[in-house]
Each structure stands twice: as C-alpha cells, then as structure tokens.
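Inspection log for the structure reproduced underneath, given as structure tokens.
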Amino acid sequence: MPKLTIDGMEVTVEPGTSIIQAAEQLGIEIPRFCYHDKLSVPANCRMCLVEVEKSPKPVASCAMPCADGMNVFTKSAIAQKARNGVMEMLLVNHPLDCPICDQAGECDLQDQAVAYGFDRSRYNEEKRAVKDKELGPLVKTVMTRCIQCTRCVRFGEEIAGVNELGVIGRGEHLEIGTYVEQMATSELSGNLIDVCPVGALTSKPYAFTARPWELRRTESIDVLDAVGSNIRIDARGGEVLRILPRLNEDVNEEWISDKTRFAVDGLKNQRLDMPYVRHHGKLQPATWQLAFDAIAENIKGKKIGAIVGDLADCESIIALKDLMKALGSLNLECRQDAAQFDTSQPAGYLFNTTIAGIEKADAILLVGTNPRTEAALVNARIRKTWLANRIKIGVIGPQMDLNYPVKHLGAGPETLEELLNGKGAFADVLSKAKNPMIILGAGALKRADGMAIQALARKVAEKYNMVRDGWNGFNMLHIAASRVGALALGFVEGTPETWSKVNALYLLGADEIPIDKIDAKAFVIYQGHHGDKAAARADVILPGAAYTEKNATYVNLEGRPQTARQAVFPPLDAREDWKILRALSEVLGKTLSYDTLAQVRERLVKENALFGAIGVVQPAKWTSFGKEGKCDKSPFVLPVNNFYMTDPITRASKTMAECTAAFVMSPKKKAVAHG
Amino acid sequence: MKKAEAHIAKYPKGKQASAVMPLLDLAQTQHDGWIPEAAMEEIGRILDMPRIKVFEVATFYTMYNLQPKGEHHLQLCTTTPCWLSGSAEVVKACEKHLGIKMGETTADGLFSMSDVECLGACVNAPVIQHNGDDLYEDLTPKNVIEVLDGLKSGKKPKHGSQTGRTTSMGVKGATCLHELAEKAGVKKC
Ligand code: SF4
Ligand code: FES
Ligand code: FES
C-alpha cells in the first residue's frame with residue numbers, strides 16, 4: 001500500500017487511490033470542477049493541480065494515483081500559481097453574471113474564484129456566447145456559464161442511464177448539447193443541477209426564488225416513495241422552497257429522484273388548514289372541538305375500521321392503532337392497494353438485501369415491478385451494479401423501459417413456476433450466480449393470489465440458494481413510505497377488503513383506496529393534509545401535517561427507521577398527526593397514554609424493537625411465509641403508471657403536472673424541435 | 001453496408017464503436033460530401049452506440065460536413081501559426097470578395113467557407129484547403145482573390161504555394177543548405 005506525504009502529513013492509502021482522495025482522507029481540500037467522487041475521472045478542468053516533488057510540471061491530482069514515497073504540496077507557490085492560471089482561463093469565456101445567477105452563493109466557480117481568481121480581467125477580446133438548451137420543465141440552462149467540466153454528460157451516461165447530453169464541437173466552439181434538441185428524459189434529471197458546479201444547469205421551478213443565504217436548512221427524510229431518501233429541506237419563513245439530497249451511502253448515495261426534489265410546490269396547494277364537518281350534506285368549516293364532538297357522536301356503537309395512507313408516519317400510526325384497539329376495532333389496514341401478502345414475517349415483506357447490498361448481486365430477477373418508476377434510487381443502484389459488473393437481469397411482468405438491458409422471461413406467475421422447476425435459460429443464470437436476488441413488486445401481489453405468489457417467490461429464492469448466511473436475496477419492493485412502518489407496527493387486522501363493510505371509517509391520509517367501495521352510509525373521518533380524493537367523501541375532516549411539518553419516524557423498504565424533522569409549521573389550524581389522535585382520544589374517553597413525542601417513541605420501541613435503532617437495518621430472520629396455493633394465469637399489472645403523480649402531494653404539484661404532460665402524456669422519446 | 005461491415009470487422013468484437021469514423025467518412029462520400037442526421041442515426045444503430053456519441057465525433061472533426069457545402073468548399077485554417085502569418089486578413093478578404101461569412105455558402109452554391117484547425121502545413125501559412133484535398137498556401141489578401149477567381153472561372157489554379165515557393169523551401173530560395181553543401185565539397189547541381 002503506497003505511503004506518501006501530503007503537505008508534510010504522512011498517509012497510507014489503498015493502491016489506486018488518487019492524490020485528491022488521499023488528501024481528502026487527511027482533511028485537505030483540493031479545489032476541483034470536473035472531478036466528482038461518484039463519476040468517472042476525465043481530468044479536463046485542471047483546477048486540481050498540485051505540486052509533486054521531482055515532477056517537472058504541476059500534476060492533476062484527481063487523475064494521478066498515489067505512489068510510494070510521493071511528496072505532494074497542495075498549497076505551495078507553484079500549485080497556487082497553476083490554479084491562478086487555470087482560473088483565469090476558465091473565466092475568459094464566463095459571463096460573470098453572478099448577480100442574476102441562481103447559483104450565486106453556492107457556486108463552486110464563485111467560491112474558487114475568490115480563492116484563486118485575479119481581481120481584474122486581462123482579456124479584452126470578445127467573449128463567446130452559447131445558445132441555451134431546452135431540457136424540459138425541470139432543468140433550466142444558461143449555457144454561456146458552462147465551463148465544460150462534462151460532469152453532466154458523465155452523470156447522464158453513468159448514473160441516470162440516459163445518453164442524451166454530449167460534448168459537441170471543439171476548441172472555441174465546444175459546447176454541451178443534446179442530439180439535435182431533446183429533453184432530459186430521466187427520473188433523476190434534477191441531480192444535474194447539483195452536479196453542475198456552476199450556474200449553467202439550475203432548477204427551473206425554483207428560478208429566481210431565493211438566495212441560498214436566506215434559507216433555513218432542515219435535515220429530513222423523503223416520503224414520496226418507500227426508499228426514504230435523505231434530504232435537506234430549505235425553507236424561508238413558513239414556506240418550503242426546495243429540497244436537495246443529503247448524502248447517505250446506504251440509501252440514496254447523493255442523488256434524489258425528480259419527484260422527491262420537485263414536488264414541493266404541491267405542499268402549498270389544496271391544503272386542509274382547518275377542521276370541517278358535514279352539515280346537511282355539505283362540508284363546513286368547524287372548530288376542533290366541534291369536529292371531535294361530531295366524531296364522538298357519530299361513531300357511537302358503530303363498527304369502526306381504519307386505513308393508513310401512504311404518507312403516514314409511525315407516530316400517528318401507533319396512536320391510531322392504540323385508539324382503534326381501545327374502540328374495539330377489528331379492521332385495520334395499511335395496504336391501500338389491496339396487495340395480498342403474508343405480513344407476519346418481516347423477512348417476507350422487507351427488502352432484505354438492502355439497497356447498498358444490491359451492489360454485491362450478480363443476477364437479479366424482477367417480478368411484477370418496474371423499479372424505475374416505483375423506486376428510482378433502487379433502480380439507480382441496479383444500474384450501477386450492472387454498469388460495474390454487467391450482471392444478468394431477468395424480468396417477469398409487462399415489457400418496460402429500463403435503463404439497463406434485461407431479459408424478458410414472461411408475463412405472469414407461470415413463468416415463476418417454470419423457474420422453480422428449473423426450466424428456461426434464466427434458471428441456468430440463477431443457479432450459476434453467487435449472489436442472486438429476487439425483487440417482488442406490488443404488481444405481483446395486488447391480486448387475489450398474492451399470498452401464493454409470495455410463497456412461490458420464497459421457494460424460488462430457496463431453490464436458487466438466495467438465502468444463506470451473510471446473504472439474503474429475497475426482496476419485496478414497496479412503493480409507500482408508510483408501508484413497512486405500519487407493517488412493523490402490526491397495522492393489519494382483517495382482510496384487505498373488509499373495510500368496505502364497516503359503518504365508520506377512519507382514514508389517515510388514505511386517498512388511494514377505491515372511494516366508491518366505502519359503504520354509502522358509513523361515517524367517514526379523514527385526517528390528512530391535502531384535500532384530495534378521500535376528503536371529498538369525508539363527514540369530518542381533521543387537518544394534519546405534511547412530512548415537512550412534523551417530527552416523525554418513517555421506516556423505509558429495507559426496514560430502516562429514519563427521522564423526518566420539522567422544517568416549517570403546518571398551515572393555520574392544522575396540527576401534527578399523533579397530537580390530533582391524542583386529543584381525539586380524550587374526547588372519546590379513551591385517552592392515550594402518551595403526552596410527548598418522547599413518550600410516543602417509547603411506545604414505538606415497545607411495539608417493535610426496530611424503532612430503537614434509528615438509521616439501522618436489522619436483518620430479518622428467515623422463516624417460512626406466504627401460503628402455497630394455485631396461482632392465477634393472468635399477467636402481472638404494474639402499479640405505477642405515472643411516476644410523477646402517486647400521492648396527494650404530487651397530485652397537487654404544478655411541476656409534477658408539467659412533467660406528466662411532457663414525459664408521460666406525449667411519447668417519451670419525442671424530440672422537441674427548437675430553433 | 002458491405003463496406004461498413006469491412007470497417008467494423010477491423011475492430012475486436014464489442015469494440016465496434018471504434019468504426020464510427022470510417023463509417024462517417026463513408027456516409028459523407030456517399031452523400032454528396034455531407035452527412036445528414038439520418039445517416040448519423042443509422043450509424044448509431046449499426047454500431048449500437050447512442051446517437052449523441054456519433055454526433056460528438058461528427059462535430060469534433062471539421063472534416064465532417066453536417067450541412068451541404070458549395071461546389072468549392074474552402075477550409076480556412078485559423079490556428080495560431082496561420083493566424084500569426086495573417087490568416088485573419090485572408091479570411092476577411094474572402095468574406096468580402098464572396099459576400100458571405102465564415103460558415104456560410106454563397107447564394108449560387110459555388111463557394112462555402114469554414115474555419116478549421118491546423119492543417120499541418122504551417123510552414124507555408126496561411127493555408128486554405130480546397131474540397132478537403134488540395135492546399136493553397138502562402139496566401140495574402142491579394143493572391144487569395146486570384147485563387148478564388150480562378151476557381152470560379154472553372155480553371156483550377158495550381159495548388160501549393162501562391163508566392164512561387166517550391167514546397168516549403170525558405171522564402172529566399174534554397175540557401176543555407178546549398179552553402180553548407182558547397183562548403184562540404186558537394187558539387188553544384
Ligand atoms: S453544464 Fe455544468 S456540469 Fe455540464 S459541463 Fe457545463 S459546467 Fe459542467
Ligand atoms: S478536478 Fe482534476 S482536472 Fe478537474
Ligand atoms: S496553423 Fe494553419 S496549417 Fe498549421
């Protein structure tokens with residue numbers, strides 16, 4: 001292992017480590033533009049030049065591997081002078097328009113120009129201008145600001161899996177462009193904004209909204225899919241202005257999906273900000289007391305059921321469960337999509353391999369799922385793994401557009417049965433694989449024979465040695481952020497359909513159930529933050545808080561509990577959800593035993609120990625689950641048709657509506673003619 | 001397609017994308033001296049590479065024309081040695097004489113101008129390449145007009161140096177080596 005000296009400090013590194021990485025280990029920061037630790041290294045910006053003893057010229061530290069005995073100076077006069085020169089060249093064609101640039105205040109070029117730039121320009125010739133590109137409704141371009149670092153091109157190729165951006169022309173005329181003119185059609189395109197070190201690629205919906213130094217930052221968790229991406233919420237006053245990714249190598253690395261990033265405007269529209277009670281068939285504004293009284297009066301003596309929606313947090317789920325139990329309810333459900341599977345064994349409903357674990361897989365079988373639309377970052381991991389090792393990926397389900405090559409094996413359960421009998425080419429692939437995995441999606445479970453399919457998938461996993469010491473390749477891919485948490489808290493009682501028979505129904509943000517199936521005479525309580533489908537049916541509405549407005553726990557699809565933090569207050573009369581339930585319980589004479597958030601969390605841990613270790617996945621014990629039986633022949637149907645609209649928040653978002661129009665409605669690959 | 005396959009066969013399997021340059025060239029010669037978008041798309045398909053990658057290559061090399069060019073395609077070198085020897089004035093003279101700007105084609109379709117990087121003939125700078133082939137060298141704002149008029153009249157002027165130099169012999173004729181040779185006792189030829 002090479003041992004070298006950087007700025008007088010000794011360090012030993014893995015062979016193949018570059019100087020820039022070694023310096024990072026020592027906490028020495030070397031300026032850079034083109035280097036990005038998740039992308040390949042082109043070494044084309046030259047900002048990272050350092051002095052290396054016995055080397056005649058300064059060296060690009062991002063591309064130079066460490067060698068034994070190297071003596072590197074990152075702050076010497078030579079390094080400084082080299083960087084000054086690079087900076088001057090970079091600024092030759094840069095418009096220096098920081099006052100009207102959204103990147104200002106968080107721009108690498110701006111920061112590094114302060115450190116290495118000249119205080120005036122010696123360039124008296126004409127600057128060049130580059131035509132802006134049309135990349136669709138999310139990414140705004142000001143291409144004259146581009147410094148040709150090619151990070152965006154590499155991101156498209158290596159992470160997003162869309163080869164749409166490229167380096168066009170050469171020399172003075174070199175620019176970043178698309179093939180003719182084309183939109184960025186990736187569900188990860190928003191990350192281009194973060195990847196671009198300057199203001200060439202910025203957020204279109206967020207354009208000219210705020211300066212970074214005006215924002216209050218809150219570290220939180222995304223809930224618009226079940227991945228639980230780590231995010232940073234930037235707010236000003238009472239308004240959430242934007243959402244950025246936060247690094248978590250185990251979950252989302254440093255990316256987030258476009259839905260996570262751009263649905264924020266949905267938090268402002270269609271909000272429920274005060275309680276409502278239905279009088280003579282019409283919903284009318286009410287006080288909390290009136291709303292609670294109406295509930296107390298109307299549920300008396302009734303058979304009550306409760307459904308947990310996709311965005312519900314664990315604190316409110318446990319509060320709802322405790323209250324329902326106190327009321328003697330036998331109808332609890334968290335699977336709005338009526339997916340049928342065995343909920344008694346965690347190993348049967350978790351993503352056991354873990355997201356980071358995907359990278360160790362060498363063969364993947366996707367069953368009834370399109371990870372690209374259901375969990376974009378799980379998909380990014382699969383692609384990453386494919387890119388690194390060209391692993392084999394098989395699909396059972398409908399044909400779909402994935403950004404890695406797959407082998408389509410069949411459409412329904414019988415293909416899975418064949419596989420169990422060792423038939424087909426993919427059986428060979430699986431039996432030869434060292435770490436095979438299976439991913440079972442809602443498309444395979446949202447049907448009457450879901451239990452049997454789950455059992456079938458388990459047997460396939462067992463047959464191909466997918467589960468053994470140190471490796472568990474059985475995975476279920478959930479779509480809802482609340483799902484695993486609710487399952488862990490045992491929020492299932494009765495069968496998925498029985499709620500249609502109760503005569504009082506408590507909906508905790510449940511909007512995706514078939515509303516028309518609710519008994520016409522049933523008394524419906526809706527607690528949630530958006531006036532979406534279910535609120536219109538409700539008899540009483542209790543305004544709750546969205547995920548940016550509460551301190552709450554969510555468990556992601558791996559079974560990893562994570563904490564979302566409050567960035568802003570809920571609007572007007574709306575309140576944090578568990579508190580609403582706590583207050584209601586008192587009016588109903590079934591007072592819940594907790595008064596503070598800490599006490600609720602204690603209750604969570606008592607219900608399931610996994611809540612005791614925030615951020616950690618506890619491997620589930622492998623047991624038998626599912627119910628063997630006959631499977632129907634019908635093909636699997638995917639649960640998500642429109643990636644951009646899956647829940648009340650995204651349905652209320654204008655940006656998501658624009659994306660739907662641009663990417664889903666019109667044929668995806670259609671190029672937009674421009675100029 | 002046969003020719004294309006012959007090119008592809010030169011590269012190891014899986015590295016077929018390497019054939020992109022000969023294929024672009026093939027498309028250009030087969031298509032009136034320029035490469036239409038459809039051809040690039042087709043090349044991308046044949047070589048199984050994203051079309052943007054084909055586009056990148058095609059736009060990098062000035063030898064690939066992505067638009068139809070006039071009968072006489074003038075490729076004017078503007079790289080440093082040519083520029084130091086006055087290429088800017090030559091460009092200006094051409095633009096004035098033909099009434100078009102760099103990158104344009106005359107209305108009668110006779111002349112196109114494009115700027116290119118070093119043509120490897122810097123010793124006789126400034127230099128213009130005609131239809132991707134012959135070089136006119138040692139140009140001045142004056143003699144370049146003669147070249148243009150010659151081309152226009154249909155009589156192709158002699159290529160090479162326009163100041164009468166033999167290849168890249170020094171401007172004063174063959175000198176130093178001569179004297180040296182004499183000194184060394186070589187007989188005058
Ligand atoms: S647009 Fe941004 S990321 Fe892309 S090359 Fe230019 S500066 Fe780099
Ligand atoms: S960071 Fe090393 S050359 Fe760009
Ligand atoms: S610089 Fe013009 S030919 Fe080399």
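Scanning segment A:133-165 for residues that are among the β-branched types (V, I, T) and outside any loop (DSSP other than H, G, I, E, B) returns A:V139, A:T141, A:T144, A:V153, A:I159. Picking from residues in segment A:318-340 that are aliphatic (A, V, I, L, M) and within 21 Å of A:T646 (Cα to Cα), the one that is most open to solvent (accessible area, probe 1.4 Å) is A:A338. Among the numbered conditions (1) more than 10 Å from ligand 1 (Cβ to nearest atom); (2) under 20 Å from the mean Cα position of the chain (by Cα), the only one that A:F155 does not meet is (1).
The condition (being within 16 Å of ligand 1 (Cβ to nearest atom) and of a type in the set (D, E, K, R)) is satisfied by just one residue among A:K38, A:K57: A:K38. If you go through segment A:341-353 and keep only what is surrounded by fewer than 22 Cβ atoms within 10 Å (Cβ to Cβ) and part of a loop (DSSP other than H, G, I, E, B), you end up with A:D342, A:T343, A:S344, A:Q345.
Could you check segment A:158-180 and list, in sequence order, the residues that are within 9 Å of ligand 1 (Cβ to nearest atom) and open to solvent by 20 Å² or more (accessible area, probe 1.4 Å)? Across segment A:158-180, the qualifying residues are A:L165, A:V167, A:E175.
Could you please let me know if A:G177 is of a type in the set (G, A, S) and either within 16 Å of ligand 2 (Cβ to nearest atom) or within 30 Å of B:M40 (Cβ to Cβ) (or both)? Taking the combined requirement at face value, the residue satisfies it.
Among the residues of segment A:354-380, those identified as open to solvent by 10 Å² or more (accessible area, probe 1.4 Å), out of contact with any helix residue (DSSP H, G or I) (no Cβ under 7 Å at 6 or more places or on another chain) and not in a helix (DSSP H, G or I) are A:T354, A:N370. Restricting segment B:43-61 to residues that are out of contact with any Leu (no Cβ under 9 Å at 6 or more places or on another chain) and more than 8 Å from chain A (Cβ to nearest Cβ), the residue that is surrounded by the most Cβ atoms within 10 Å (Cβ to Cβ) is B:G44.
Among B:M40, B:M49, B:M63, which is the only one that is under 15 Å from the mean Cα position of the chain (by Cα), aliphatic (A, V, I, L, M) and either assigned by TED's automatic domain parsing to the domain that holds B:V123 or away from ligand 1 (no atom under 16 Å from the Cβ) (or both)? Please lay out each step first, then the result.
Numbers: B:M40 fails: under 15 Å from the mean Cα position of the chain (by Cα); B:M49 fails: under 15 Å from the mean Cα position of the chain (by Cα).
Just a single option satisfies the conditions, and that option is B:M63.
Please determine, by comparing only the residues of segment A:564-586 that are open to solvent by 60 Å² or more (accessible area, probe 1.4 Å) and not charged (D, E, K, R), which one is farthest from the chain's Cα centre (by Cα). Top of the filtered list is A:L572. Across segment B:103-133, what is the number of residues that are within 15 Å of ligand 3 (Cβ to nearest atom), touching a strand residue (DSSP E or B) at 6+ places or on another chain (Cβ under 8 Å) and open to solvent by 40 Å² or more (accessible area, probe 1.4 Å)? Result for segment B:103-133: 5. Considering segment A:149-165, the residues that are more than 13 Å from chain B (Cβ to nearest Cβ) and over 21 Å from A:P405 (Cβ atoms) include one that is farthest from ligand 2 (Cβ to nearest atom), namely A:R151. Going through (1) more than 14 Å from every other protein chain (Cβ to nearest Cβ); (2) more than 30 Å from A:F262 (Cβ to Cβ) one by one, A:E126 falls short only on (1). Listed by position, the strands (runs of 3 or more DSSP E) contained in segment A:1-57 that have at least 3 residues being away from chain B (no Cβ under 14 Å) and either open to solvent by less than 70 Å² (accessible area, probe 1.4 Å) or within 9 Å of ligand 2 (Cβ to nearest atom) (or both) are A:3-6, A:49-52. Is it the case that A:C62 is in contact (Cβ under 8 Å) with a residue 60 or more places away in the chain, more than 14 Å from chain B (Cβ to nearest Cβ), over 29 Å from the mean Cα position of the chain (by Cα) and within 16 Å of ligand 1 (Cβ to nearest atom)? When the stated conditions are applied, A:C62 does not pass them. Quick one: is A:R170 touching a Phe, Trp or Tyr at 6+ places or on another chain (Cβ under 7 Å), farther than 22 Å from A:I243 by Cβ and more than 16 Å from ligand 2 (Cβ to nearest atom)? In short, yes.
Are any of the residues in segment B:31-38 within 14 Å of chain A (Cβ to nearest Cβ), open to solvent by less than 20 Å² (accessible area, probe 1.4 Å) and outside any loop (DSSP other than H, G, I, E, B)?
no
Where residues in segment A:65-93 are open to solvent by 70 Å² or more (accessible area, probe 1.4 Å) and in contact (Cβ under 8 Å) with a residue 60 or more places away in the chain, which of them is nearest to ligand 2 (Cβ to nearest atom)? This residue is A:K75. Selection of strands (runs of 3 or more DSSP E) fully inside segment A:166-251 by the criterion of at least 1 residues being away from every other protein chain (no Cβ under 14 Å) returns A:201-203, A:216-221, A:230-236, A:239-245. Residue-level check: of (1) open to solvent by 60 Å² or more (accessible area, probe 1.4 Å); (2) more than 16 Å from ligand 3 (Cβ to nearest atom), B:Q28 misses just (1).
Okay, residues lined up against (1) under 26 Å from A:S229 (Cα atoms); (2) of a type in the set (D, E); (3) within 11 Å of ligand 1 (Cβ to nearest atom):
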{"site": "A:R120", "(1), (2), (3)": "no, no, no"}
{"site": "A:P137", "(1), (2), (3)": "yes, no, no"}
{"site": "A:I147", "(1), (2), (3)": "no, no, yes"}
{"site": "A:L188", "(1), (2), (3)": "yes, no, no"}
{"site": "A:V198", "(1), (2), (3)": "yes, no, yes"}
{"site": "A:P205", "(1), (2), (3)": "yes, no, no"}
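Could you tell me whether any residue of segment B:54-67 is touching a residue at least 40 places away in the same chain (Cβ under 8 Å), away from ligand 3 (no atom under 16 Å from the Cβ) and of a type outside the set (S, T, N, Q)? Yes, the conditions are met somewhere in segment B:54-67.
Let's see how each residue does on (1) within 24 Å of A:R560 (Cβ to Cβ); (2) assigned to a strand (DSSP E or B); (3) touching a helix residue (DSSP H, G or I) at 6+ places or on another chain (Cβ under 6 Å):
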| site | (1), (2), (3) |
| --- | --- |
| A:V264 | yes, no, no |
| A:N269 | no, no, no |
| A:V277 | no, yes, yes |
| A:E297 | no, no, no |
| A:D310 | yes, no, no |
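The number of residues in segment A:266-289 that are surrounded by fewer than 15 Cβ atoms within 10 Å (Cβ to Cβ) and over 31 Å from the mean Cα position of the chain (by Cα) comes to 8.
The set of residues from segment A:595-612 being touching a residue at least 24 places away in the same chain (Cβ under 8 Å) and either open to solvent by 60 Å² or more (accessible area, probe 1.4 Å) or not aliphatic (A, V, I, L, M) (or both) comprises A:R601, A:R603, A:E607, A:N608, A:F611.
The values are calculated or read from the model by the stated rules, or taken from the named source; none is laboratory data. All of these numbers come straight from a predicted model, not from anything done at the bench. We place every Cβ from the backbone using ideal geometry, glycine too, and count neighbours over all the protein chains shown. Ligands, DNA and RNA are excluded from the accessible area calculation, which covers all protein heavy atoms including side chains. Shrake-Rupley method; radii C 1.70, N 1.55, O 1.52, S 1.80 Å.
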